Amino acid sequence: MSVPPPSHDTPNCDPSGPVSDRDPIEEEALEWLMRVADAPDDGKLREALNAWRRQTPRHDQAYLRVEHVWRLAAALPSEPPACPRSVSSLRRRYGFAAAAALAAAIAVFLFPGILLNLTADHVTGVGEVRPVVLTDGSRVHLDAETALAVDYGAEQRRVRLLAGKAFFDVAENPGRPFIVATEDLEVTVTGTSFAVSMAEEGASVAVKAGHVRVTGSSGPPGAATALTALKAGDKAVFSPGDERVFRSRIAPGDVAAWREGLLIADSMPLSAVVEQLGRYHRGLIILRDPALSRAEVTGVFNLGNPVSALQAAAATQGARVVSMTSFVLLIEPVEGPSPPQ
């Protein structure tokens, strides 16, 4: 019995539709890789793969590149999922290098938004920044790969930031406070403008105008830690897993600079820069070097050209960006080994 080639009629798990700007041969190579990983002892499947690779040199090279990147990312899984169980917006919880396998990670980029679309009222995709007006007149700007759930009641206006970043310009109503909740904190205001972000280093709050009150929720279940109130120009990062709060000052005009298409990095770890640029890059970015991940970057980068911004950020640390496939970028030290072409 012959083994059919990878099907292009498999269900599309992405409600927004398929991504059409990728090399079809590389996509087929990825499908073959996932099928072989799922059935490593299937001799007929292996023979069919070898026949596919012999069709042209491009087929063989595409498979070698995808296999190489997979092994760089992590060990092969025994059961790669057909559709992701999470979304790229949730990278902060797992980290770039902690993915179980590249196949699952790439699937996240090929089919984003499934989990959050089920629970959020507003979701943005890769590189998408969108304004939203809530029923009370409050305005929200959503950064790329952001999910927001709205739960307004008679006594309070409550929203949940499920992933990503948002800037809030809250309509004033002292008798009905506005609350933004994340996994790590709650921000309470009556009328002001501020930004809330979820990132690998923790949730953060930056105030452009007015005052906010932040309550943390780390520690034992039900525990709450009251944080110092923040005023215009204040920024606080809430460290996940403990009660530490890192406070700093920020120019009010720089709060949520992504609304202007800018990433402003001030001694920001390269891993955090990669995470933020990844929201604007339709593909996978791999940063495996621990020293590079921790290296601090300072500069202003254009979110409208994430690959060039990534190259500029990497160059400040003596690193380079290597295109492994049409949708996989690898950051490595300049003196590192060159990947196969």
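The values are calculated or read from the model by the stated rules, or taken from the named source; none is laboratory data. Nothing here was measured: the structure is a model prediction, and the numbers come from that model. Here the Cβ is made from the backbone with ideal geometry for all residues, glycine too, and neighbour counts use every protein chain on show. For the accessible areas, the whole protein counts, side chains as well, though only heavy atoms, and no ligand, DNA or RNA atoms are used. Shrake-Rupley method; radii C 1.70, N 1.55, O 1.52, S 1.80 Å.
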Given (1) surrounded by fewer than 20 Cβ atoms within 10 Å (Cβ to Cβ); (2) aliphatic (A, V, I, L, M); (3) in a helix (DSSP H, G or I), number of the condition Ile264 does not satisfy: (3)
Region 33-62, subset among the basic types (Lys, Arg) and in a helix (DSSP H, G or I), residue least open to solvent (accessible area, probe 1.4 Å): Arg53
All positions within region 12-32 that are crowded, with 16+ Cβ neighbours inside 10 Å, more than 20 Å from the chain's Cα centre (by Cα) and either in a loop (DSSP other than H, G, I, E, B) or modelled with pLDDT of 80 or more (or both): Ile25, Glu28, Ala29, Trp32
Residue within region 131-139 that is open to solvent by less than 20 Å² (accessible area, probe 1.4 Å) and of a type in the set (Asp, Glu) present: no
Strands (runs of 3 or more DSSP E) completely within region 177-219 that count 1 or more residues being farther than 20 Å from Asp151 by Cα: 193-199, 202-209, 211-216
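Say whether the condition of being within 30 Å of Pro24 (Cα to Cα), open to solvent by less than 50 Å² (accessible area, probe 1.4 Å), in contact (Cβ under 8 Å) with a residue 24 or more places away in the chain and not hydroxyl-bearing (Ser, Thr, Tyr) is met by at least one residue in region 314-322.
Within region 314-322 (the criterion being within 30 Å of Pro24 (Cα to Cα), open to solvent by less than 50 Å² (accessible area, probe 1.4 Å), in contact (Cβ under 8 Å) with a residue 24 or more places away in the chain and not hydroxyl-bearing (Ser, Thr, Tyr)), the answer is yes, since at least one residue qualifies.
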Given (1) modelled with pLDDT of 95 or more; (2) surrounded by fewer than 24 Cβ atoms within 10 Å (Cβ to Cβ), index of the condition Lys165 fails: (2)
Leu142, sole failed condition from (1) in contact with a Ser or Thr (Cβ under 6 Å, 6 or more places away or on another chain); (2) of a type in the set (A, V, I, L, M); (3) modelled with pLDDT under 95: (3)
Pairs with Cβ under 6 Å, 6+ apart, first in region 257-268 and more than 12 Å from Leu142 (Cα to Cα) and touching a residue at least 12 places away in the same chain (Cβ under 8 Å), second assigned to a loop (DSSP other than H, G, I, E, B) and open to solvent by 20 Å² or more (accessible area, probe 1.4 Å): Gly261/Gly304
Answer residue from region 303-313, given it is open to solvent by 50 Å² or more (accessible area, probe 1.4 Å) and part of a loop (DSSP other than H, G, I, E, B) and is nearest to Leu284 (Cα to Cα) among those: Asn305
Test: residue in region 150-160 that is part of a loop (DSSP other than H, G, I, E, B), open to solvent by less than 50 Å² (accessible area, probe 1.4 Å) and among the charged types (D, E, K, R): no
